[in-house]
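Please find one structure pasted underneath; my questions will follow.
The values are calculated or read from the model by the stated rules, or taken from the named source; none is laboratory data. Since this is a predicted model, take the numbers as computed values, not measurements. Using ideal geometry, Cβ is built from the backbone for each residue, glycine included, and neighbour counts are taken over all protein chains shown.
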Amino acid sequence: MDTNKPQKKKKWFLPLVVSLLLSTLLIFITVFTSSSSSSAIFYRPRVKKHLPHFVESKLKISETSKNPVPRLAYLISGSVGDGGSLKRTLKALYHPRNQYAVHLDLEASAEERLDLARFVKEEPLFAKLGNVRAMVRANLVTYRGPTMVTNTLHAAAILLKEGGEWDWFINLSASDYPLVTQDDLLHVLSSIPRNLNFIEHTSDIGWKEDQRAKPVIIDPGLYSRQKSDVFWISQKRSVPTAYKLFTGSAWMMLSRPFIEYILWGWDNLPRTVLMYYANFLSSPEGYFHTVICNAEEFQNTTVNHDLHFISWDNPPKQHPHFLVMDDFQRMVDSNAPFARKFGRNESVLDKIDSELLGCNADGYVPGGWFNTQANGSATVPDYSLKNITTLRPGVGAQRLKHLVTSLISAEDFHAKQCT
């Protein structure tokens, strides 16, 4: 028995050694030929987790311009029969530093809208500088519904995309008219912060809660090519609780940062409020006001004034009364840069042209930016542009300066912001 033990050991020892050698070889092959992903299973490094990047985090309030002379972006809108008045208002407001969008709504005939487009394209000064554009895709606009809001947003988007750098957006109608020159206006605005928003507003909506906020209206202008009045749904709704309602004037001067915010809407407030005001009577008198006063970034940028002289009946009706010659001195004494509402070719406009603006024969307002040179071979004067940052303010600048200073230096200035 003892002599056989060494032989038995040899029988199982040799296979064991061979097996160990093969196993070792396989381990080496596995280690050195395996993929990096397989190795990572055993040797996974600790990687710092990064938060995902959202586009909203990149959308911040833009910085205001450092240029000493500001630039303005105007929307001038009208309806059927307003083509002539719109052209006159545009010329009286013209300055080469500014940008302009003009719009006749779909109630105006195709011929009238085409005439305005040709005027913009062929007027020598506009063609030379390219800062006036007609909104070719016209909208149907009803004041009592949300279509005026959508048209304003449409124009602001065009001016933001195509108008280069500007500082404030001003919405006017063909029945508005300036009471100061653009040199006057730009001179006064050059001395104030460019994040300010001139928007008349209040949270005391009073009777409007029952007669405008709670009723649900439908504006046919959102889906029809024919203008008609809004109509009501019998069921009423409660006022919002997620945000506070504000009301005020439909005419305003808004800063570029706020226009960017209301178009981009990176926290969704502008879109949420817009959907609510789609069924709100006279939404132009509440949409922008509600957004700006519920947005933390802009609550403290409001100046509670619409920069207009407007003569209302007492008690106020849906529209103000038309301004006539008897209103001239009250317009001047208001120190406001704009007035409304004027009838077509109203005689008081000629008085404003001669005594307040100094319009030339072509309807443009002289300033530091051009000289008129007679040219016997041309049907219109040849405008020789100077340095367009040269301003020549007059007495209108003194009046406007008094108004703006009294507004932003008043003791209750901050108390009037979004209250």
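Considering only residues of the stretch 258-281 that are under 12 Å from the mean Cα position of the chain (by Cα) and modelled with pLDDT of 95 or more, which is surrounded by the fewest Cβ atoms within 10 Å (Cβ to Cβ)?
We begin by selecting, within the stretch 258-281, every residue under 12 Å from the mean Cα position of the chain (by Cα); these are 258-265, 270.
So of that shortlist, the ones also modelled with pLDDT of 95 or more come out as 258-263, 270.
Numbers: 258: 26, 259: 23, 260: 17, 261: 24, 262: 24, 263: 13, 270: 23.
Checked the stretch 258-281; the qualifying residue surrounded by the fewest Cβ atoms within 10 Å (Cβ to Cβ) is 263.
Sort out which residues of the stretch 196-249 are outside any strand (DSSP E or B), modelled with pLDDT of 95 or more and under 14 Å from residue 280 (Cβ atoms), and write them in order of number.
Within the stretch 196-249, 243, 245, 246 meet the criteria.
In the stretch 234-276, how many are polar (S, T, N, Q) and within 20 Å of residue 171 (Cβ to Cβ)?
Taking the stretch 234-276 and keeping what is polar (S, T, N, Q), we get 234-235, 238, 241, 247, 249, 255, 268, 272.
Checking which are within 20 Å of residue 171 (Cβ to Cβ) leaves us with 247, 249, 255.
Residues meeting the conditions: 3.
Consider only pairs whose beta carbons are under 7 Å apart and that are at least six residues apart or on different chains; among these, list those whose first residue lies in the stretch 292-303 and is closer than 12 Å to residue 261 by Cα and whose second residue is part of a loop (DSSP other than H, G, I, E, B).
Short answer, once both residue conditions are applied: 292/199; 292/298; 297/61.
Could you tell me whether the stretch 282-301 includes any residue that is within 20 Å of residue 243 (Cα to Cα), in a loop (DSSP other than H, G, I, E, B), among the small types (Gly, Ala, Ser) and modelled with pLDDT under 95? If you could, list the steps in order and put the result at the bottom.
Within the stretch 282-301, the first condition is being within 20 Å of residue 243 (Cα to Cα), and the residues that meet it are 282-301.
Next, only the ones that are in a loop (DSSP other than H, G, I, E, B) stay: 282, 286, 295-298.
Next, from what is left, pick out any that are among the small types (Gly, Ala, Ser): 282, 286, 295.
Okay, now just the ones that are also modelled with pLDDT under 95, so 282.
Yes, because at least one residue in the stretch 282-301 is within 20 Å of residue 243 (Cα to Cα), in a loop (DSSP other than H, G, I, E, B), among the small types (Gly, Ala, Ser) and modelled with pLDDT under 95.
OK, next. Would you check if there is a residue in the stretch 178-198 being among the charged types (D, E, K, R), farther than 30 Å from residue 395 by Cα and more than 13 Å from the chain's Cα centre (by Cα)? Working first, answer last.
Of the stretch 178-198, the ones among the charged types (D, E, K, R) are 183-184, 194.
Filter once more, keeping what is farther than 30 Å from residue 395 by Cα: none.
No, because not a single residue in the stretch 178-198 is among the charged types (D, E, K, R), farther than 30 Å from residue 395 by Cα and more than 13 Å from the chain's Cα centre (by Cα).
Of the residues that sit in the stretch 101-112 and are surrounded by fewer than 23 Cβ atoms within 10 Å (Cβ to Cβ) and either in contact (Cβ under 8 Å) with a residue 12 or more places away in the chain or part of a strand (DSSP E or B) (or both), which one is nearest to the chain's Cα centre (by Cα)? Even if it seems obvious, please write down each step before you answer.
At the first step, the residues of the stretch 101-112 found to be surrounded by fewer than 23 Cβ atoms within 10 Å (Cβ to Cβ) are 105-112.
Pick out the ones that are also either in contact (Cβ under 8 Å) with a residue 12 or more places away in the chain or part of a strand (DSSP E or B) (or both) and you get 105-109, 112.
Values: 105: 19, 106: 22, 107: 24, 108: 25, 109: 27, 112: 27 Å.
Step by step, filter the stretch 101-112, then rank; the result is 105.
Ok, one more. Just to be sure I understand the filter: pairs with C-beta atoms under 8 Å, separated by 6 or more residues or on different chains, first member in the stretch 349-378 and closer than 27 Å to residue 333 by Cα and modelled with pLDDT of 85 or more, second member of a type in the set (Phe, Trp, Tyr) and part of a loop (DSSP other than H, G, I, E, B). Which pairs pass?
349/342; 364/94; 365/94
Here's a follow-up. Looking at residue 88, is it outside any strand (DSSP E or B), of a type outside the set (Gly, Ala, Ser), surrounded by fewer than 22 Cβ atoms within 10 Å (Cβ to Cβ) and modelled with pLDDT of 95 or more? Can you show your working first?
Numbers: outside any strand (DSSP E or B): yes; of a type outside the set (Gly, Ala, Ser): yes; surrounded by fewer than 22 Cβ atoms within 10 Å (Cβ to Cβ): yes; modelled with pLDDT of 95 or more: yes.
The answer is yes for residue 88.
Follow-up question, since we're still on this one. Going through 133, 118, 144, 97 one at a time, which residue ends up being farther than 29 Å from residue 273 by Cβ and surrounded by 17 or more Cβ atoms within 10 Å (Cβ to Cβ)?
One residue alone meets the criteria, 97.
How many of the residues making up the stretch 127-146 are closer than 16 Å to residue 79 by Cβ and not in a loop (DSSP other than H, G, I, E, B)?
Total meeting the criteria: 1.
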